[in-house]
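This report refers to the structure that appears directly beneath it.
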Amino acid sequence: MQELHLIQGEHKHLVIEHVADDSAQWHIVQEAGSVLTIHLFCLDSDAAMTGSVVLDIEQTGEHAETYIYGLGILTGKQQIEVRTHVRHSVPNGKSNQLLKFAVKDEAKGSFVGELVVDPHAQHAEAMQTNRNVLLSPKATMHTQPQLEIYADDVKCSHGASTGQIDESALFYMQQRGIGVVEARQLLLTAFFHDVLTTLGEPIVEERIQRRIAQQLA
Amino acid sequence: MHASIAGKEILKGINLQIGAGETHAIMGPNGAGKSTLSAVLTGNPAYTVTEGEVIFRGKDLLQMSPEVRAREGLFLSFQYPVEIPGVSMTNFMRTAVNAKREHQGLQPLSAGEFLKLMRAKRALVELDNKLASRSVNEGFSGGEKKRNEIFQMAMLEPCLSILDETDSGLDIDALRIVAEGVNKLHTADNATIVITHYQRLLDYIVPDYVHILADGQIVRTGGKELALELEQTGYAGLAEHPNTSANMVGTAQ
Ligand SMILES: Nc1ncnc2c1ncn2[C@@H]1O[C@H](COP(=O)(O)OP(=O)(O)OP(=O)(O)O)[C@@H](O)[C@H]1O
Ligand SMILES: [Mg+2]
């Protein structure tokens, strides 16, 4: 487990590009006015990999902001668990989590999103969204949003869904001559688009785009 | 050819021959199987062909994947075009055009060449530049979607185009513009199947043959005057004058 402490007003951008062992396990404390942005990419090509991501974050100062953006394509027999724990302990905090996964082959994915708003953490704004696409009949995704909201004057929302790729869109593209692999790639690039645009670093974005294409080939 | 969906037979022996340069209209009551025929020809995996064969320019069409059928020159203007959020029209069309070029052993178009082609084909159906820069069909009006189908047809220059109720949803001016676009794309080497419920479209796109499809079979074939007759009598009047055998459809080449 890696420790990180954001002092008052500090801005920090953490990019996790590989989900190996404890490099992807973090305990982070945020003081007042600090802004934490995490990008998580589960795009490892090792088909036998098992991995566990833990993002345990506590806002201890007011007006802190936490953003967690993640995407992943799990392939082969991979088993990956992503666990986020975001805790608003004081008033006026903000958090947003957006995580999207595509699961192929016989891979197993799991997302557990714990969001806690303490009784006196009024005016918190907390959002959590998890969207998943299963690309094969044997792929599975377990999603478990866990919201514990103890303050009454807050804005909280969450959404979780797991579906299949849009077959009618796939056929429409094939009817125009686009091959299945490329059509899927276009659809999944579109699926991940809103996560990628939060990155704001063209060089990293390009690298991620390439890895997405590799994972889908 | 016989075809079924979910174990239910929809096409019950279709026999049809389409020659180069010809335009065939297919009319028929709701649920007759017109869109099923389009879906089966283009390789929609929801349908199963249970009997018969389809030969497309000398090749066994049913053996080909949907994308190969398209690259070989088969095009469907969908009755209900699909929205693809997040995939831009430009990216979609570039991928489609270059996939076809690769199939033909041609180099992909350069960015400049591609944009020039887009501009020229957009003009043909007067497709708004704003639409061409959005996601595929996303938020397009019903009429805009149909116009976008014919724009794609213009981009891909198919040998056989199936227009499945392309007229539905188009306003009067749009119908004329889109129909004129289709006519401009018509050559002695390609062919068109026009599926429609209304004579009006056939005033613009004049068919060589009109077929009536009812309950999974072609029950009557005639010239363009058959559509006019239908306008008078409706499908109810049809059964009383079965003057053409269902098997004598199209022309031999
Ligand atoms: N999944 C399905 N299971 C059973 N029947 C189906 C299924 N899908 C379509 N059908 C039936 O197939 C028949 C033919 O439908 P099709 O869409 O080909 O008709 P159409 O001639 O194009 O009609 P329209 O003029 O309304 O467009 C209809 O009766 C329809 O209900
Ligand atoms: Mg139909």
The condition of being away from chain B (no Cβ under 12 Å), at pLDDT 95 or above, within 21 Å of A:His18 (Cα to Cα) and open to solvent by 40 Å² or more (accessible area, probe 1.4 Å) holds, among A:His142, A:His123, only for A:His142
inquiry  = B:Val97 - would you say it is more than 16 Å from ligand 2 (Cβ to nearest atom) and either touching a Leu at 6+ places or on another chain (Cβ under 7 Å) or more than 14 Å from chain A (Cβ to nearest Cβ) (or both)?
reply    = yes
Right, A:Pro91: open to solvent by 10 Å² or more (accessible area, probe 1.4 Å), at negative phi and out of contact with any strand residue (DSSP E or B) (no Cβ under 7 Å at 6 or more places or on another chain) or not?
yes
Considering region A:1-36, residues that are among the small types (Gly, Ala, Ser) and modelled with pLDDT under 95, and then whichever is least open to solvent (accessible area, probe 1.4 Å), we arrive at A:Ala24
In the set B:Glu144, B:Glu157, the lone residue that is at pLDDT below 95 and more than 16 Å from ligand 1 (Cβ to nearest atom) is B:Glu144
Subset of region B:182-213, residues more than 20 Å from B:Leu11 (Cβ to Cβ), touching a strand residue (DSSP E or B) at 6+ places or on another chain (Cβ under 9 Å) and among the aromatic types (Phe, Trp, Tyr), comes to B:Tyr198
Counting only residues in region B:57-71 that are more than 14 Å from chain A (Cβ to nearest Cβ) and of a type outside the set (Lys, Arg), the one surrounded by the fewest Cβ atoms within 10 Å (Cβ to Cβ) is identified as B:Gly58
Restricting attention to region B:1-25, the residues that are open to solvent by less than 50 Å² (accessible area, probe 1.4 Å), over 19 Å from B:Pro158 (Cα atoms) and assigned to a strand (DSSP E or B) number exactly 5
Across (1) open to solvent by 30 Å² or more (accessible area, probe 1.4 Å); (2) more than 7 Å from every other protein chain (Cβ to nearest Cβ); (3) within 22 Å of B:Ser65 (Cβ to Cβ), A:Gly200 clears everything bar (3)
Check on B:Pro85, within 14 Å of chain A (Cβ to nearest Cβ) and in a loop (DSSP other than H, G, I, E, B) = no
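Picking from B:Phe92, B:Phe75, which residue would you name as being over 18 Å from the mean Cα position of the chain (by Cα), outside any loop (DSSP other than H, G, I, E, B), aromatic (Phe, Trp, Tyr) and within 9 Å of chain A (Cβ to nearest Cβ)? Please lay out each step first, then the result.
On the way: B:Phe75 fails: over 18 Å from the mean Cα position of the chain (by Cα).
B:Phe92 is the lone residue from the list that is over 18 Å from the mean Cα position of the chain (by Cα), outside any loop (DSSP other than H, G, I, E, B), aromatic (Phe, Trp, Tyr) and within 9 Å of chain A (Cβ to nearest Cβ).
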Within region B:175-198, of all residues that are open to solvent by less than 20 Å² (accessible area, probe 1.4 Å) and within 15 Å of ligand 1 (Cβ to nearest atom), the one farthest from B:Thr23 (Cα to Cα) is B:Thr196
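In region B:30-53, how many residues are away from ligand 1 (no atom under 11 Å from the Cβ) and crowded, with 19+ Cβ neighbours inside 10 Å? Full working, then the answer.
So in region B:30-53, the residues away from ligand 1 (no atom under 11 Å from the Cβ) come out as B:41-43, B:45, B:48-53.
Then drop every residue that is not crowded, with 19+ Cβ neighbours inside 10 Å, which leaves B:41-43.
Qualifying residue count, region B:30-53: 3.
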Log entry, pairs with first residue in region B:1-30 being under 14 Å from B:Ile162 (Cα atoms), second being among the hydroxyl-bearing types (Ser, Thr, Tyr) and assigned to a strand (DSSP E or B), beta carbons closer than 8 Å, six or more apart or on different chains, reads B:Glu22/B:Thr192; B:Glu22/B:Tyr209; B:Thr23/B:Thr192; B:Thr23/B:Tyr209; B:His24/B:Thr192; B:His24/B:Tyr209; B:Ala25/B:Tyr209
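Test B:Ala32 against the stated conditions and say whether it is within 17 Å of the chain's Cα centre (by Cα), more than 13 Å from ligand 2 (Cβ to nearest atom) and not in a strand (DSSP E or B). Steps first, please.
Numbers: within 17 Å of the chain's Cα centre (by Cα): yes; more than 13 Å from ligand 2 (Cβ to nearest atom): no; not in a strand (DSSP E or B): yes.
It is false that B:Ala32 is within 17 Å of the chain's Cα centre (by Cα), more than 13 Å from ligand 2 (Cβ to nearest atom) and not in a strand (DSSP E or B).
For A:Glu114, state whether it is open to solvent by 20 Å² or more (accessible area, probe 1.4 Å), of a type in the set (D, E, K, R) and at pLDDT below 95.
Details: open to solvent by 20 Å² or more (accessible area, probe 1.4 Å): yes; of a type in the set (D, E, K, R): yes; at pLDDT below 95: no.
Taking the combined requirement at face value, the residue does not satisfy it.
Of the residues in region A:171-190, how many are open to solvent by 40 Å² or more (accessible area, probe 1.4 Å) and either hydroxyl-bearing (Ser, Thr, Tyr) or facing chain B (nearest Cβ under 8 Å) (or both)? It would help to see each step written out before you state the result.
Let us first name the residues in region A:171-190 that are open to solvent by 40 Å² or more (accessible area, probe 1.4 Å), namely A:180-182, A:184-185, A:189.
Subsequent filtering for residues that are either hydroxyl-bearing (Ser, Thr, Tyr) or facing chain B (nearest Cβ under 8 Å) (or both) retains A:180, A:182, A:189.
Summing the residues that are open to solvent by 40 Å² or more (accessible area, probe 1.4 Å) and either hydroxyl-bearing (Ser, Thr, Tyr) or facing chain B (nearest Cβ under 8 Å) (or both) in region A:171-190 gives 3.
Could you name every one of the strands (runs of 3 or more DSSP E) located completely within region A:1-101 that has at least 3 residues being closer than 19 Å to A:Asp118 by Cα? Lay out the reasoning, then the answer.
Details: elements: A:2-6, A:11-16, A:25-30, A:35-42, A:50-59, A:65-74, A:79-88.
Filter on region A:1-101 gives A:25-30, A:50-59, A:65-74, A:79-88.
Filter region B:105-120 for residues that are assigned to a helix (DSSP H, G or I), under 26 Å from the mean Cα position of the chain (by Cα) and under 13 Å from B:Arg94 (Cβ atoms) and give the result.
Quick first cut of region B:105-120, residues assigned to a helix (DSSP H, G or I) only: B:111-120.
Those left that are additionally under 26 Å from the mean Cα position of the chain (by Cα): B:114-120.
Answer for region B:105-120, where residues must be assigned to a helix (DSSP H, G or I), under 26 Å from the mean Cα position of the chain (by Cα) and under 13 Å from B:Arg94 (Cβ atoms): B:Phe114, B:Leu115, B:Lys116, B:Leu117, B:Met118.
The values are calculated or read from the model by the stated rules, or taken from the named source; none is laboratory data. Remember, it's a predicted structure, so these values are computed and weren't measured experimentally. Glycine also receives a Cβ, built like all others from the backbone with ideal geometry; neighbour counts cover every protein chain displayed. Quick note on the areas: whole protein, heavy atoms, side chains included, nothing else; ligands and nucleic acids left out. Shrake-Rupley method; radii C 1.70, N 1.55, O 1.52, S 1.80 Å.
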